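Heads up, the thing below is written out as structure tokens.
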Amino acid sequence: MAAAGSGSRSLPAAAARLGRSMTAAPAACLESVRALTGLLREAQPREMAQESIFQDLLKILTKALNEIEQASKDSCELLDLDTCLLLVAECFRCLRNACVECAKNQDVMRNLGLITTSVHLIKLLDGIEIKGEPLLTAFRCSLQFLGNIAAGNGDSQNSIWKCAFPDLFLTCLTYSDEKIVAYCCMVLFTCLNSEKVRELLDPENLTVALHVLKVYKEQLESQWSFLIVTDHLLKCPELVKVLYAKLSNQERVTLLELIMSKLSEKNSVTSEETNVFMRIADFLASCFQDKCETVLKLTSAADAEDEEALVTVRLLDVLCEMTSSNGQLEHLQALPGLLETAIDTLRLTHLAGKQTVNIFTVTHAMTGQEEISHPAVGFKSHLIRLIGNLCYKSKENQDKQEGETVINSKDHTYIRKERKTNSGQSVFPDPCGAGGSGNGKTERPMTTCRQQTCCSSLAPLNRCMS
């Protein structure tokens, strides 16, 4: 508490010092701003900060902006660029600190025009050819400031969106510095809402969403790009469809993996979110039905890494996950042709495995590394899982596959008719103990198949799988 009190008493003196340094050399001004930056780390000085402090900081930034602009136009103009950039960075640090959990300061800064000035400065920094550390530091601090002034403040978010979307976001998302890209994602995530997400459907704006996915793919530790997709983009089925059409096969795999991550969250799901995923499920099921036979390319060693086939593998993974959820199960069970497509694909992959020795061959001897990494390993077991789930408690689907022998019984692979439990409920016996004992006591969709070798060898299907 003593430290906080000391900071609040020091604030007027530091503010007065800043005012006096406005006409001083940049180095002296820099020291004055640094003193304020330190004080504004504490909550009490932040709450006590007067508008005059932010007016002075705006004047410093505006002066620096004008000097940089003039120097870029006139090669004869002498400017100590590094010192100027250090001062710009410190001003943004000071402003950034002043915004923390302080809506009053956020509003004052926005009303003074600091957001507009900041965006202008960022565009100017991007145009400087020599990308030294002082410039990168100023660039990063400016984005941190925008992130803090937007945090929890709808008016500031709208102001940034108006000034920065889409051009500034595109500039920063494609920047060569990973920190700048990450801070840009932070600002974008903070500003997005359902209305702004729909603006991404515009062909001129769609590139922003495409670059976010690219950032996630290339920088897997970028938590902000992950959150943009899972918390915002996936809530707009129309955007998912448009994005999917524009993505490369590798990028489609990345998007499907993000959908899997969202599906695996244990958070309670609202009815609105359930409806969104039903619409996404419709689309992904249609993609699987259209492209399911591409997986047969994996029978050839030359096509073992065929990207289109790998998309099909991942589509099946997502559909299995979706049918493991009560929210999407009944909806997917009612989709025309999905069950038939899964059964036909299982038959085709098994026949392909009998014609030559390949990844779909029941007796195929894999190396340890291949068993771990080959994307087709487990594909047939996942098809069985999908078929079982689509038939779970669905008499219509059970009747469709009743008596359907997918593969000759001597190969130990077939879809077997359901049986009744003592309670009269229809189930499929468990082939490999993946969640049930086969005695009818486990009566739910299969969420995973724990014994990969059993299903990849196509053991008899015994129950509906979750």
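The values are calculated or read from the model by the stated rules, or taken from the named source; none is laboratory data. What you are looking at is a predicted structure, and each value in this text was computed from that prediction instead of being measured. All Cβ positions, glycine included, derive from the backbone under ideal geometry; neighbour counts span all protein chains shown.
Looking at segment 222-239 only, could you name the residues that are farther than 19 Å from residue 143 by Cα and not polar (S, T, N, Q)?
229, 231, 232, 233, 234, 235, 236, 237, 238, 239
Taking into account only those residues within segment 312-346 that are in contact (Cβ under 8 Å) with a residue 12 or more places away in the chain and small (Gly, Ala, Ser), which is surrounded by the most Cβ atoms within 10 Å (Cβ to Cβ)?
342
Could you check segment 112-155 and list, in sequence order, the residues that are within 27 Å of the chain's Cα centre (by Cα) and charged (D, E, K, R)?
The answer is 123, 126, 140, 155.
Any chance segment 223-244 includes a residue that's of a type in the set (Phe, Trp, Tyr) and over 30 Å from residue 93 (Cβ atoms)?
yes
Starting from segment 289-304, take each residue that is in contact (Cβ under 8 Å) with a residue 60 or more places away in the chain and list its partners that are of a type outside the set (S, T, N, Q) and in a helix (DSSP H, G or I), counting only C-beta distances under 7 angstrom and pairs at least six apart or across chains.
What qualifies is 295/309; 295/313; 295/379; 298/309; 299/352; 304/298.
Can you tell me which residue in segment 275-323 is farthest from residue 253 (Cα to Cα), limited to those that are at pLDDT 90 or above and among the hydroxyl-bearing types (Ser, Thr, Tyr)?
Ranking the qualifying residues of segment 275-323, first place goes to 323.
Here are some residues: 334, 365, 342, 352. Which one is more than 29 Å from residue 258 (Cβ to Cβ), of a type in the set (A, V, I, L, M, F, W, C) and modelled with pLDDT of 85 or more?
After applying the criteria, what remains is 352.
Looking at segment 174-201, which of its residues are over 16 Å from residue 158 (Cα atoms) and in contact with a Gly (Cβ under 7 Å, 6 or more places away or on another chain)?
Passing the criteria: only 183.
Determine whether residue 39 is surrounded by 20 or more Cβ atoms within 10 Å (Cβ to Cβ) and over 15 Å from residue 88 (Cβ atoms).
Spelling it out, residue 39 is indeed surrounded by 20 or more Cβ atoms within 10 Å (Cβ to Cβ) and over 15 Å from residue 88 (Cβ atoms).
Go through (1) surrounded by fewer than 17 Cβ atoms within 10 Å (Cβ to Cβ); (2) of a type in the set (A, V, I, L, M, F, W, C); (3) closer than 26 Å to residue 104 by Cβ for residue 164 and report which single condition fails.
For residue 164, the exception is condition (1).
Can residue 79 be described as assigned by TED's automatic domain parsing to the domain that holds residue 17, touching a residue at least 12 places away in the same chain (Cβ under 8 Å), surrounded by fewer than 21 Cβ atoms within 10 Å (Cβ to Cβ) and within 38 Å of the chain's Cα centre (by Cα)?
no
Would you kindly identify the helices (runs of 4 or more DSSP H) lying entirely within segment 188-266 that contain at least 3 residues that are under 20 Å from residue 169 (Cα atoms) and in contact with a helix residue (DSSP H, G or I) (Cβ under 9 Å, 6 or more places away or on another chain)?
Answer list for segment 188-266: 194-199, 206-218, 223-231, 237-246.
Looking only at segment 111-121, count every residue that is of a type outside the set (Ser, Thr, Tyr) and buried (at least 22 other Cβ atoms within 10 Å of the Cβ) and tell me the total.
Of the residues in that region, 3 qualify.
Could you check residue 376 against (1) assigned to a helix (DSSP H, G or I); (2) modelled with pLDDT under 70; (3) buried (at least 18 other Cβ atoms within 10 Å of the Cβ) and say which number it fails?
(1)
What helices (runs of 4 or more DSSP H), lying completely within segment 287-363, carry at least 3 residues that are under 24 Å from the mean Cα position of the chain (by Cα) and closer than 15 Å to residue 378 by Cβ?
Values: elements: 307-323, 326-333, 338-355.
Because the criterion is at least 3 residues that are under 24 Å from the mean Cα position of the chain (by Cα) and closer than 15 Å to residue 378 by Cβ, the helices (runs of 4 or more DSSP H) in segment 287-363 that meet it are 307-323.
Residues are listed down the side, and each one gets a yes or a no for (1) in contact with a Lys or Arg (Cβ under 6 Å, 6 or more places away or on another chain); (2) within 29 Å of residue 179 (Cα to Cα):
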| position | (1), (2) |
| --- | --- |
| 203 | no, yes |
| 206 | no, yes |
| 213 | no, yes |
| 254 | yes, yes |
| 268 | no, no |
